[in-house]
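The values are calculated or read from the model by the stated rules, or taken from the named source; none is laboratory data. Bear in mind that the values here come from a model prediction, so they are computed numbers and not experimental data. FYI the Cβ positions are ideal-geometry reconstructions off the backbone, even for glycines, and counts take in every protein chain you see.
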């Protein structure tokens, strides 16, 4: 493990990769411009090629080619990790993922599999424009045989932090192909610990899910029973937590925030338990509104809770391209004020 304790999501993910390479000689990291001194566009791979030069490999600009090679390496017993420089370019790996890598286990009756981990930064708010700012993980939800994971900015019990531990486990212990979604604005977030979370009660409800992966439930300590359940993930969970705080102190409306780290396959027992208590549920995501993560969560909540779910809404991006101009981008992507407004209207 790296010498310094991680303080941010970025450093936690970097240490998760560092420890993966250190602990397992079969881990191979592939991607564009990931070698030092550059260390990748968002520096998640910084320092790795210097320490593991034979297993950190820079590649041509061919996302489909990188992913296909990783699939072949996985079939031969390696644990490949692929970095796709921008999440927008996951559109170029669809054939390799959906028609090949995720099919091997079922096609060959469990005799072989390709547990490739594909990391990629999604999201906007950086002014990168329509083709470098999208949130596209919903395109991969529901693909048989594919896990979709998203870290939360919590220190947790592991020295490398919850984001790095989630990535480490996916690489070392994963038995199925995984898309690991990192939001660009998560990278500089400070890992929540100590005084940062002293006013919150944070419970990991992962034991209630089949995968056992972290599924966080957050609310203010000593607050009255929640009026409403918020459900979100990734960077939007950070904005939802900000909204939860403001709603409590400025409007005396109290919420519970449910944060899964596995987006697919869907495991919603903790979320459904909270929504049953409050009777109200809002899903919050950065992707576009129609046919997204939130739509599926609300459909399943309705199927499971029936009349117990009295009210439900979705908060998501407008269905248009993401502009480069900051003011226009802010109008398209959901923010804290959008969450506060929707909660106040519902309550």
Exercise. If you go through the range 289-299, how many residues are part of a helix (DSSP H, G or I) and within 20 Å of the chain's Cα centre (by Cα)?
Worked result: 6
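If you check residue 94 against the conditions, is it assigned by TED's automatic domain parsing to the domain that holds residue 159 and under 30 Å from residue 156 (Cβ atoms)?
no
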Problem set entry | Filtered residues of the range 217-234 (kept if farther than 15 Å from residue 272 by Cβ and touching a residue at least 12 places away in the same chain (Cβ under 8 Å)) | 218, 219, 220, 221, 223, 224, 225, 227, 232, 233, 234
For this session: Restrict the check to the range 144-151 and report whether at least one residue is over 16 Å from the mean Cα position of the chain (by Cα), outside any helix (DSSP H, G or I), at positive phi and surrounded by 17 or more Cβ atoms within 10 Å (Cβ to Cβ).
Result: yes
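Restricting attention to the range 90-103, which residues are in contact with a helix residue (DSSP H, G or I) (Cβ under 9 Å, 6 or more places away or on another chain) and buried (at least 20 other Cβ atoms within 10 Å of the Cβ)?
90, 93, 96, 97, 101
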Exercise. Can residue 160 be described as modelled with pLDDT of 95 or more, surrounded by fewer than 20 Cβ atoms within 10 Å (Cβ to Cβ) and not assigned by TED's automatic domain parsing to the domain that holds residue 241?
Worked result: no
For this session: For residues that are surrounded by fewer than 17 Cβ atoms within 10 Å (Cβ to Cβ), without any contact (Cβ under 8 Å) to a residue 40 or more places away in the chain and not in a strand (DSSP E or B), tally how many sit in the range 306-328.
Result: 9
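If I filter the range 240-254 for residues that are free of Cβ contacts under 8 Å to residues at least 60 places away in the same chain and part of a strand (DSSP E or B), do I get at least one hit?
No; the residues of the range 240-254 include none that is free of Cβ contacts under 8 Å to residues at least 60 places away in the same chain and part of a strand (DSSP E or B).
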Problem set entry | Restricting the range 264-279 to residues that are touching a helix residue (DSSP H, G or I) at 6+ places or on another chain (Cβ under 6 Å) and either within 23 Å of residue 161 (Cα to Cα) or in contact (Cβ under 8 Å) with a residue 40 or more places away in the chain (or both), the residue that is surrounded by the most Cβ atoms within 10 Å (Cβ to Cβ) | 275
Exercise. If you take the residues in the range 104-128 that are in contact with a strand residue (DSSP E or B) (Cβ under 7 Å, 6 or more places away or on another chain) and outside any strand (DSSP E or B), which one is surrounded by the most Cβ atoms within 10 Å (Cβ to Cβ)?
Worked result: 116
For this session: Please verify whether the range 244-257 includes one or more residues that are under 24 Å from residue 184 (Cβ atoms) and out of contact with any strand residue (DSSP E or B) (no Cβ under 8 Å at 6 or more places or on another chain).
Result: yes
Seminar exercise, completed: Checking 87, 65 in turn, the sole residue that is modelled with pLDDT of 95 or more, surrounded by 17 or more Cβ atoms within 10 Å (Cβ to Cβ) and in the same structural domain as residue 167 (by TED's automatic domain parsing) turns out to be 87
